[in-house]
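Report on one structure; see the data block that follows.
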Amino acid sequence: MFDTLQDRLAATFKSLRSKGRLTDADIDATAREIRIALLEADVNLSVVKEFVSRIKERASGAELSRALNPSQQIIKIVNDELVSILGGETRLLRYAKQPPTIIMLAGLQGAGKTTLAGKLGAWLKEQGHSPLLVAADLQRPQAVEQLRVMAERAKAGIYAPQPGNGVGDPIQVAQNSIDYAKHHLFDVVIIDTAGRLGVDTEMMRQAQMIKALTKPDETLFVVDAMIGQDAVNTALAFEQGVGIDGVVLTKLDGDARGGAALSIARVIGKPIMFASNGEKLTDFDIFHPDRMASRILG
Ligand code: GDP
């Protein structure tokens, strides 16, 4: 991912290498190149504007270190600003003081929620936790079975609708799962909720109800990074409709441009907490803004 952005930025920095010091014209030209690079990467326009104006301000400011050449100075500033728009510090999962920790996954259908539930479950197992996956996505006929398979692979527990525990009622299933987790000593509950193809009132209402009744410690918005700026708009809709604590970006492996990753945290003011980059259970990790920035800068 970020292929074009990486190449464009590298070319911009290279053209500065022969300069003894940066003139205003150099800074303007560099800012222009960076602006084009970000727009081509499908970064949100207001994020691009803010980013470029910060670069200009800092590059022409007094803070430049004499120890670095112009190209290194610009790289350092761009790096800092990339880390900043990607969310700054790494935001780790918050666990409840009193288990179980409740994590609710929300997002559109196809975003990768069910897959993510499995990945998060496997990751939590590795950290020594005992996760329970909860099938509150009853919208998609295969979702329950898919989650069951995920739980099996992740060696996590599963709580799925069956006669007596709220068949057909995802809100009831989610609510009952908390008691089940307490009784069976699961310390993290991951609730997979139903998505729709687009933002709709019924989906939001159901997510709101599940959130109100289960009081999650973390409400994670799961989104397909490949949909670019639509990911940002959908995130805004979920933030307004349900309220989210963090974002999980999926399908980064198929996202050549990186526009969603570079816009979402800044636009919605919530951190990207995890990233998923493949279909395997292990294609998943904590999202580190600084590592991602270093990757972009090559
Ligand atoms: P849900 O409707 O939100 O529960 O989405 P699913 O978990 O069913 O995922 C939809 C499709 O995306 C499935 O075919 C997954 O295998 C695939 N998928 C999920 N995460 C990733 C990822 O990070 N990379 C790729 N390439 N595919 C993914």
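The values are calculated or read from the model by the stated rules, or taken from the named source; none is laboratory data. For clarity, every value in this text was computed on a predicted model and none was experimentally measured. As a convention, Cβ positions derive from the backbone with ideal geometry for all residues, glycine included, and neighbour counts pool all protein chains shown. For the accessible areas, the whole protein counts, side chains as well, though only heavy atoms, and no ligand, DNA or RNA atoms are used. Shrake-Rupley method; radii C 1.70, N 1.55, O 1.52, S 1.80 Å.
Odds and ends about this structure:
- The residue that is most open to solvent (accessible area, probe 1.4 Å), counting only those in segment 114-126 that are over 12 Å from the mean Cα position of the chain (by Cα) and within 12 Å of the ligand (Cβ to nearest atom), is T115.
- The listed residue being among the small types (G, A, S), on the phi > 0 side of the Ramachandran plot and in contact (Cβ under 8 Å) with a residue 12 or more places away in the chain, out of G298, G259: G298
- Within the option set G195, G168, being within 13 Å of the ligand (Cβ to nearest atom), of a type in the set (G, A, S) and part of a loop (DSSP other than H, G, I, E, B) holds for one residue only, G195.
- Entry remark, segment 231-252: residues being open to solvent by 10 Å² or more (accessible area, probe 1.4 Å) and either free of Cβ contacts under 8 Å to residues at least 24 places away in the same chain or away from the ligand (no atom under 16 Å from the Cβ) (or both) number 7 in total.
- If you go through segment 260-274 and keep only what is open to solvent by 10 Å² or more (accessible area, probe 1.4 Å) and in contact with a Lys or Arg (Cβ under 7 Å, 6 or more places away or on another chain), you end up with just P271.
- Sole residue being touching a strand residue (DSSP E or B) at 6+ places or on another chain (Cβ under 9 Å) and over 20 Å from A122 (Cα atoms), chosen from N233, N176: N176
- Summed over segment 8-53, residues that are charged (D, E, K, R) and under 24 Å from the mean Cα position of the chain (by Cα) total 5.
- Complete set of residues in segment 137-151 that are away from the ligand (no atom under 11 Å from the Cβ), outside any helix (DSSP H, G or I) and open to solvent by less than 60 Å² (accessible area, probe 1.4 Å): L138
- Pairing residues of segment 119-135 that are within 19 Å of S177 (Cα to Cα) with residues that are among the hydroxyl-bearing types (S, T, Y) and outside any helix (DSSP H, G or I), at Cβ distances under 6 Å and at least 6 apart in sequence or on separate chains, gives L132/Y159; V134/Y159.
- Residue check, A106 of a type in the set (A, V, I, L, M, F, W, C), over 15 Å from P216 (Cα atoms) and either in contact with a helix residue (DSSP H, G or I) (Cβ under 8 Å, 6 or more places away or on another chain) or buried (at least 23 other Cβ atoms within 10 Å of the Cβ) (or both): no
- Subset of segment 218-230 (residues that are in contact with a strand residue (DSSP E or B) (Cβ under 7 Å, 6 or more places away or on another chain) and either open to solvent by 10 Å² or more (accessible area, probe 1.4 Å) or closer than 23 Å to V189 by Cα (or both)): E218, T219, L220, F221, V222, V223, D224
- Segment 225-256: number of residues that are at negative phi and assigned to a loop (DSSP other than H, G, I, E, B): 5
- Filtering segment 249-259 to residues that are over 19 Å from A293 (Cβ atoms) and either of a type in the set (S, T, Y) or under 12 Å from the mean Cα position of the chain (by Cα) (or both) leaves T250, K251.
- Of the residues making up segment 275-295, those that are in contact (Cβ under 8 Å) with a residue 24 or more places away in the chain, away from the ligand (no atom under 16 Å from the Cβ) and either of a type in the set (A, V, I, L, M, F, W, C) or surrounded by fewer than 20 Cβ atoms within 10 Å (Cβ to Cβ) (or both) are H288, D290, A293, S294, R295.
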